[in-house]
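Trainee: The structure's right below; bear with me while I get my questions together.
The values are calculated or read from the model by the stated rules, or taken from the named source; none is laboratory data. Treat the numbers as computed from the prediction; the structure is a model and nothing was measured. All Cβ positions, glycine included, derive from the backbone under ideal geometry; neighbour counts span all protein chains shown. These accessible areas exclude ligands, DNA and RNA; they are computed on the full protein's heavy atoms, side chains included. Shrake-Rupley method; radii C 1.70, N 1.55, O 1.52, S 1.80 Å.
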Amino acid sequence: MLQTILLVAMILISVALAGVILLQRSEGGALGMGGGPSGFMTARGAGNLLTRTTWILAILFFLCAIGLTIVGNMDRASRSIVDADAVGELAAPPPTSSAPAVDPAAPAQPAAPSLQDLESSLSGAAAAPAPAQPAPTE
């Protein structure tokens, strides 16, 4: 929720910052509107207002960027990789107790049935019909 609010604020600040920058008087005669006494304020007053507005929007832009970085990283683990416990877990993972105990005297069984097992079960099922179930008596 906070990340969405900061993202919307970042977009609005970016658009406002671009607009304020384009409104400023151009030093090289490119995209700026220029200045003069015919504007809503004198050239000096408009320049000061636009300069201050640009500084404020730039500061808000960087604060929003830092805030988005912090909020985005809140979900990450707070444990460092160089912690003693973390290094111990990486070096020797703990044994799992859910694995069944292996009896060394028991014959080894394959992990999955082989193709021969499948063929023999299919040929045996086709040769021997299934036993008929008796009809229920009431």
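Trainee: Need pairs with beta-carbon distance below 6 Å; first residue within 13 Å of residue 67 (Cβ to Cβ) and in contact (Cβ under 8 Å) with a residue 12 or more places away in the chain and within region 1-18, second part of a helix (DSSP H, G or I) and among the β-branched types (Val, Ile, Thr); sequence gap 6+ or separate chains.
Mentor: 2/71; 3/71
Trainee: Residue 11 versus (1) surrounded by 12 or more Cβ atoms within 10 Å (Cβ to Cβ); (2) at pLDDT 90 or above: which is the lone unmet condition?
Mentor: So residue 11 meets the others, but not (1).
Trainee: Right, residue 73: over 30 Å from residue 4 (Cα atoms), at pLDDT 70 or above and among the polar types (S, T, N, Q) or not? Break it down stepwise before answering.
Mentor: Values: over 30 Å from residue 4 (Cα atoms): no; at pLDDT 70 or above: yes; among the polar types (S, T, N, Q): yes.
Against the criterion (over 30 Å from residue 4 (Cα atoms), at pLDDT 70 or above and among the polar types (S, T, N, Q)), residue 73 does not qualify.
Trainee: Still on this model: Looking only at region 34-57, decide whether some residue is at pLDDT 90 or above, within 33 Å of the chain's Cα centre (by Cα), open to solvent by less than 70 Å² (accessible area, probe 1.4 Å) and not aromatic (Phe, Trp, Tyr). Spell out how you get there, then give the answer.
Mentor: Pass one, region 34-57, residues at pLDDT 90 or above: 52-57.
Of the ones still in play, those that are also within 33 Å of the chain's Cα centre (by Cα) are 54-57.
Those left that are additionally open to solvent by less than 70 Å² (accessible area, probe 1.4 Å): 54, 57.
The next check asks that each one be not aromatic (Phe, Trp, Tyr); those that pass are 54, 57.
Within region 34-57 (the criterion being at pLDDT 90 or above, within 33 Å of the chain's Cα centre (by Cα), open to solvent by less than 70 Å² (accessible area, probe 1.4 Å) and not aromatic (Phe, Trp, Tyr)), the answer is yes, since at least one residue qualifies.
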